[in-house]
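S.K.: Structure provided below as structure tokens; questions to follow.
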Amino acid sequence: MRGIGFNSLTMSLGFLILIGIYGMVADTATTSYLHAMVELMILAYSLNLFTGLSGYANFGHVVFYGLGAYTVSVSAVGLSSMGMSLPTPVYVLGAGVFAAIFALVIGFPILRLRGDYFAIATLGINEAVRVTICNTKELGEGRGIYILGLVPSYDIKMLYIQLLLVAFAVVVTTHIVLKTKLGYGLRAIRADEDVAEIMGVNTSKYKIMAYALGAFFAGLAGGVVTLQFACSFPEYLFIGRSVDMFSAIIIGGIGTLLGPLIGSVIFWIVKDALLIQFPYFHLIIFGVALIVLILFFPRGIVGLANRVLAKRGKVLE
């Protein structure tokens with residue numbers, strides 16, 4: 001349908017504007033709740049940029065989130081020792097850049113692997129980084145690094161604005177990628193990488209670009225969250241966070257523009273409600289529901305919506 005991508009983009013940005021306005025006028029507790037939901041949304045989009053489009057299962061994507069967090073803390077401590085400080089957006093941008101550089105460094109060797117071997121390699125890298133941090137005195141070991149008073153103090157409202165700007169950026173970036181050679185190349189890799197190479201697709205280039213791009217946005221999210229809690233600690237690299245990202249894009253629709261947004265919202269609201277109502281069984285209930293969704297609606301909510309819209313000659317991205 002003509003203008004479909006624009007409609008999907010408009011709905012995504014429109015939703016961010018609505019929750020942005022609501023979060024700014026709501027009480028602090030509500031803003032904090034929305035802050036955490038938008039954070040998950042950014043991580044889901046960042047994972048979707050690589051895994052969703054290429055089909056490569058990156059179970060260690062949370063490493064970029066953690067590295068972004070530690071980049072802010074280490075930078076703040078280092079600059080403070082010299083009597084210096086920077087505006088918080090600069091710290092956040094540095095977190096994204098460092099995460100992207102790390103992705104480029106490790107991406108060249110591990111992106112030569114495929115399937116289960118790649119997935120296991122990403123898990124190994126995440127665990128290696130976590131263990132290294134836990135055993136490095138300069139990185140706070142298992143205690144973490146605290147930066148309270150070392151960076152300009154911002155309340156939750158200001159940090160919420162910064163996080164929303166990152167969310168806007170990752171949504172627009174996803175839209176652009178889907179419409180360019182990078183997006184088409186990644187989807188060709190997902191369909192059949194060997195055939196894509198035969199047809200002249202530079203698979204190595206596209207994979208490393210998407211891998212670094214996703215890492216950049218995950219690093220930005222980690223940077224903002226570090227400013228929120230004024231600390232970074234090894235739990236930022238907890239593998240369960242990667243599971244949350246995967247759940248979000250599976251629920252919403254892998255490789256789509258609207259999928260990560262829809263999936264993140266549903267995942268966050270349902271998981272939080274289950275945690276409150278069934279604190280000891282919420283993971284079991286949610287896990288069963290997720291399995292049912294995958295079995296009956298493998299393309300997620302967006303795929304389900306497209307079944308209905310296809311009868312009218314329309315589709316959602």
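The values are calculated or read from the model by the stated rules, or taken from the named source; none is laboratory data. None of the values given here were measured: they were computed from a predicted structure. Backbone-built Cβ (ideal geometry, glycine too); neighbour counts: all protein chains shown.
S.K.: I'm trying to understand the selection: among the residues of the range 197-231, which are among the charged types (D, E, K, R) and either in contact (Cβ under 8 Å) with a residue 40 or more places away in the chain or on the phi > 0 side of the Ramachandran plot (or both)? Before the answer, list the steps.
M.R.: Our first condition is that a residue be among the charged types (D, E, K, R); within the range 197-231, this holds for 197, 205, 207.
Matches in the range 197-231: Lys207 only.
S.K.: Could you tell me whether any residue of the range 146-157 is more than 25 Å from Ala36 (Cα to Cα) and of a type in the set (A, V, I, L, M)?
M.R.: Of the range 146-157, the ones more than 25 Å from Ala36 (Cα to Cα) are none.
No, the conditions are met nowhere in the range 146-157.
S.K.: Here's a follow-up. Pick from Gly313, Gly255, Gly263, Gly300: which is within 29 Å of Ala29 (Cα to Cα) and either modelled with pLDDT of 90 or more or of a type outside the set (A, V, I, L, M) (or both)? So that I can check it myself, show each step before the final result.
M.R.: Working: Gly313 fails: within 29 Å of Ala29 (Cα to Cα); Gly255 fails: within 29 Å of Ala29 (Cα to Cα); Gly300 fails: within 29 Å of Ala29 (Cα to Cα).
Just a single option satisfies the conditions, and that option is Gly263.
S.K.: Looking at the range 75-87, is at least one residue among the β-branched types (Val, Ile, Thr) and either closer than 15 Å to Ala210 by Cβ or buried (at least 19 other Cβ atoms within 10 Å of the Cβ) (or both)? Break it down stepwise before answering.
M.R.: Of the residues in the range 75-87, the ones among the β-branched types (Val, Ile, Thr) are 77.
So of that shortlist, the ones also either closer than 15 Å to Ala210 by Cβ or buried (at least 19 other Cβ atoms within 10 Å of the Cβ) (or both) come out as none.
No, the conditions are met nowhere in the range 75-87.
S.K.: Starting from the range 24-35, take each residue that is within 14 Å of Asp155 (Cβ to Cβ) and list its partners that are of a type outside the set (Gly, Ala, Ser) and part of a loop (DSSP other than H, G, I, E, B), counting only C-beta distances under 9 angstrom and pairs at least six apart or across chains.
M.R.: If the second residue must be of a type outside the set (Gly, Ala, Ser) and part of a loop (DSSP other than H, G, I, E, B), the pairs left are Thr28/Asp155.
S.K.: Also, I was wondering about something else. So for the range 288-300 (the condition being under 22 Å from Leu186 (Cα atoms), free of Cβ contacts under 8 Å to residues at least 24 places away in the same chain and surrounded by fewer than 17 Cβ atoms within 10 Å (Cβ to Cβ)), does at least one residue qualify? Outline the logic, then answer.
M.R.: From the range 288-300, those under 22 Å from Leu186 (Cα atoms) are 298-300; that's our starting set.
Keeping just the survivors that are free of Cβ contacts under 8 Å to residues at least 24 places away in the same chain gives 298.
Those left that are additionally surrounded by fewer than 17 Cβ atoms within 10 Å (Cβ to Cβ): 298.
Yes, there is a match, as at least one residue in the range 288-300 is under 22 Å from Leu186 (Cα atoms), free of Cβ contacts under 8 Å to residues at least 24 places away in the same chain and surrounded by fewer than 17 Cβ atoms within 10 Å (Cβ to Cβ).
S.K.: Now for a separate question. Of the residues Leu113, Leu104, Leu159, which is free of Cβ contacts under 8 Å to residues at least 24 places away in the same chain, in contact with a helix residue (DSSP H, G or I) (Cβ under 6 Å, 6 or more places away or on another chain) and either surrounded by fewer than 13 Cβ atoms within 10 Å (Cβ to Cβ) or not polar (S, T, N, Q) (or both)? Even if it seems obvious, please write down each step before you answer.
M.R.: Details: Leu104 fails: free of Cβ contacts under 8 Å to residues at least 24 places away in the same chain; Leu159 fails: free of Cβ contacts under 8 Å to residues at least 24 places away in the same chain.
Result of the check over Leu113, Leu104, Leu159: Leu113.
S.K.: Kindly indicate whether any position in the range 244-252 is among the hydroxyl-bearing types (Ser, Thr, Tyr), modelled with pLDDT of 85 or more, at negative phi and touching a Phe, Trp or Tyr at 6+ places or on another chain (Cβ under 6 Å).
M.R.: Within the range 244-252, the subset among the hydroxyl-bearing types (Ser, Thr, Tyr) is 247.
If we keep only those that are modelled with pLDDT of 85 or more too, we end up with 247.
Narrowing the set further to residues that are at negative phi leaves 247.
Among the residues that remain, those that are also touching a Phe, Trp or Tyr at 6+ places or on another chain (Cβ under 6 Å) are: 247.
Yes: the range 244-252 contains one or more residues that are among the hydroxyl-bearing types (Ser, Thr, Tyr), modelled with pLDDT of 85 or more, at negative phi and touching a Phe, Trp or Tyr at 6+ places or on another chain (Cβ under 6 Å).
S.K.: Restricting attention to the range 214-239, which residues are closer than 13 Å to Ser54 by Cβ and either of a type in the set (Ser, Thr, Tyr) or out of contact with any Ser or Thr (no Cβ under 7 Å at 6 or more places or on another chain) (or both)?
M.R.: Within the range 214-239, the subset closer than 13 Å to Ser54 by Cβ is 214.
Correct list: empty.
S.K.: Looking at Thr173, Thr226, can you tell me which residue is under 17 Å from the mean Cα position of the chain (by Cα), at pLDDT below 95 and either assigned to a helix (DSSP H, G or I) or under 17 Å from Phe98 (Cα atoms) (or both)? Give the derivation first.
M.R.: On the way: Thr173 fails: at pLDDT below 95.
Result of the check over Thr173, Thr226: Thr226.
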